[in-house]
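The values are calculated or read from the model by the stated rules, or taken from the named source; none is laboratory data. Please read all numbers here as calculations on a predicted model, not as lab measurements. Counting neighbours? That spans all protein chains shown, and the Cβs are built from the backbone with ideal geometry, glycine included. Calculation scope for accessible area: heavy atoms of the full protein, side chains included, ligands and nucleic acids excluded. Shrake-Rupley method; radii C 1.70, N 1.55, O 1.52, S 1.80 Å.
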Amino acid sequence: MQNKLQFQHRFTAQLPADPVLNNTPRQVFQACYSWVQPKTTAAPKLLIFSAEVATLLDLTPEDCQSTLFTDVFSGNALLTGMQPYAMCYGGHQFGHWAGQLGDGRAINLGEIKNNEGDFWTLQLKGAGETPYSRTADGLAVLRSSVREFLCSEAMFHLGVLTTRALSLCTTGDAVWRDMFYDGHAANEHGAVVCRVAPSFLRFGNFEIFSARNDLETLKQLVDYTIQTHFTHLVSDVMTDATYLRWFTEICDLTKTMIVHWQRVGFVHGVMNTDNMSILGLTIDYGPYGWLEDYDPDWTPNTTDAEHHRYAFGNQAHISHWNLMKLAQAIAPLFEDVSALQQVLDDYATAYKSAWQNMMSTKLGLNSCPEILVAQLFDNLQLCETDMTIFFRSLSNIKQHQSAQTSLNTVADAFYSLPLTQETQGQWLAWFAMYTQQLQHEGSDDNARKKSMDLINPKYVLRNYLAQIAIDKAEQDDFSMLHELLDVLRFPYAEQPEKQTFANKRPEWARKRAGCSMLSCSS
Ligand code: AMP
Ligand code: MG
């Protein structure tokens, strides 16, 4: 393994380091990162690894099963060439500037260049304190680490841009957590996930220097980011035009990411600007959730229960707000900010058009009358309707069948049957409109089913499934963890023997902690 992983040091070699080497929580100025060391643990144990991510690093399953692998990816050993560091960033949390945050429990081990020539940064989450840990311990618990591991990989296989997860280890150390911030703290199992991404830079990495009026470091970081991760934009001299093209691409990547979230029914839960990747990757899997019954106002995050700022239906709006904060942060680099403002102003229109295109494909249509979509989303809320099952079933509709037959085709998506007369009437009207549109387009039933089944997943990481995997893992049974990873590797395939994972949420999970409500405690 040592020979296969060749470390590069682009981030740390090209950007200013914090000269102070102690790990006490403190403000770090004029530096993009601090040197840190992962914490050694009592009894590291590998629970699971992702073979696909290992391949990205040119590692074989045998490499991943070695003792060295467990030692390295639980924070107990460093390979030659690893130079661990924690990044300095700030962020807007729930709409308010929070000052310096930073990698409080994430430790970057280094960046490798694989045989294909691609660069990947390896990062341990939960490997101990850094100068950015503030009042917390730098650790992570098993339940949140299972959630991060499974969801990163599930999202990747769904075709959503995301950070990846290489491995999940338990540490053998106990971690003290008050899961619901209600005075019932208890010891939990400590765990470490190794995350992998081309870069873990967030909007907040840029905001911190702007907020401190440290424009020199801001420019250094922006130039580095463009030269390293947006190489096609590099010009001899960095001008307003270069920065503008860069910001335009970030808007585009962010837009694409959010459209995918809306497509698969993913609610991030904490879209603070420190949780927004500069590469448009889904990052920081905390109190996220998956829509079961379609409800745009739903958020799984109990910290957001009052305002629903990060609810499913608000994610596009929040992404725009976050981009505005990023634009404000980089504005000092521009001589004239009017073009930057224009790109920002265009975001809502660009998003709407991308979302409409996505909805058309989700419905198997070439073009989609607005009324059809508007009516659909009204209907989905008339009675509890499972979003995933509904869209998956829709591909079975034949354009010449009756509205009643169509309704029967999707009936499995409804949480309670029979529907009221009124609801049934609304659905029949909608199906009549839908099949009429299919006929109008001269749609081919078979071809449409094929293409719809490639974008409407059958399997998503249902909240209660993740919770069962966690409950079992806490009892030392990792079978469900492995089984879920396997199923979620092929979310668009039928996998008849795994049908139970595609079923509706059972009634017991409706209000159970971890299944429908999560706190930020992790
Ligand atoms: P999050 O809500 O997970 O995105 O984290 C927000 C900030 O809190 C980031 O700076 C994290 O690094 C930090 N943080 C979260 N949990 C911990 C922890 N257990 N120890 C240290 N820092 C943490
Ligand atoms: Mg975060």
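Taking first residues from region 67-80 that are without any contact (Cβ under 8 Å) to a residue 40 or more places away in the chain and partners that are surrounded by fewer than 19 Cβ atoms within 10 Å (Cβ to Cβ) and among the aliphatic types (A, V, I, L, M), the Cβ contacts under 9 Å between residues at least 6 apart in sequence or on separate chains come to ASP71/ALA77; ALA77/LEU68. Residues that are of a type in the set (Asp, Glu) and surrounded by fewer than 18 Cβ atoms within 10 Å (Cβ to Cβ) number at least 2 in the following helices (runs of 4 or more DSSP H) confined to region 419-522: 421-441, 463-474, 479-488.
MET1 falls short on exactly one of the conditions (1) assigned by TED's automatic domain parsing to the domain that holds ASN108; (2) among the aliphatic types (A, V, I, L, M); (3) open to solvent by 30 Å² or more (accessible area, probe 1.4 Å), and that condition is (1).
Yes/no per residue for (1) at pLDDT below 95; (2) within 21 Å of the chain's Cα centre (by Cα):
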position	(1), (2)
THR302	yes, yes
TYR310	no, yes
SER319	no, yes
ASP336	yes, no
ASP346	no, no
THR349	no, no
MET358	no, yes
LYS362	no, yes
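Going by the conditions given, is SER133 open to solvent by less than 10 Å² (accessible area, probe 1.4 Å) and either β-branched (Val, Ile, Thr) or not assigned by TED's automatic domain parsing to the domain that holds ILE278 (or both)? When the stated conditions are applied, SER133 passes them. If you go through region 50-79 and keep only what is open to solvent by less than 10 Å² (accessible area, probe 1.4 Å), hydroxyl-bearing (Ser, Thr, Tyr) and within 14 Å of THR40 (Cα to Cα), you end up with just SER74.
So, GLY128, is that one open to solvent by less than 10 Å² (accessible area, probe 1.4 Å) and within 16 Å of ligand 2 (Cβ to nearest atom) or not? No, not satisfied. Under the condition of being open to solvent by 10 Å² or more (accessible area, probe 1.4 Å), more than 16 Å from ligand 2 (Cβ to nearest atom) and either touching a Cys at 6+ places or on another chain (Cβ under 7 Å) or not basic (Lys, Arg) (or both), the residues counted in region 259-293 number 5. Residues in region 84-99 that are of a type outside the set (Phe, Trp, Tyr), open to solvent by 10 Å² or more (accessible area, probe 1.4 Å) and touching a helix residue (DSSP H, G or I) at 6+ places or on another chain (Cβ under 6 Å): HIS92 only. Of HIS157, HIS232, HIS184, all but one fail to be under 30 Å from PHE490 (Cα atoms) and outside any strand (DSSP E or B); the exception is HIS157.
So that you can scan it fast, the table gives a plain yes or no per residue for (1) within 25 Å of VAL337 (Cβ to Cβ); (2) more than 16 Å from ligand 1 (Cβ to nearest atom); (3) of a type in the set (Asp, Glu); (4) free of Cβ contacts under 8 Å to residues at least 24 places away in the same chain:
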residue: ARG245; (1), (2), (3), (4): yes, yes, no, yes
residue: ARG263; (1), (2), (3), (4): no, yes, no, no
residue: MET271; (1), (2), (3), (4): yes, no, no, no
residue: LEU279; (1), (2), (3), (4): yes, yes, no, no
residue: TYR294; (1), (2), (3), (4): no, yes, no, no
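The lone criterion from (1) of a type in the set (Ser, Thr, Tyr); (2) over 34 Å from the mean Cα position of the chain (by Cα); (3) closer than 15 Å to THR361 by Cα left unmet by THR405 is number (3).
Just give me the residues in region 296-314 being among the polar types (S, T, N, Q), touching a strand residue (DSSP E or B) at 6+ places or on another chain (Cβ under 7 Å) and more than 12 Å from ligand 1 (Cβ to nearest atom), in sequence order. THR299, THR302, listed by residue number. Under the condition of being within 12 Å of ligand 2 (Cβ to nearest atom) and over 18 Å from THR70 (Cβ atoms), the residues counted in region 93-125 number 8. Within region 131-148, if we keep just the residues that are more than 21 Å from the chain's Cα centre (by Cα) and among the charged types (D, E, K, R), the residue that is nearest to ligand 2 (Cβ to nearest atom) turns out to be ARG134.
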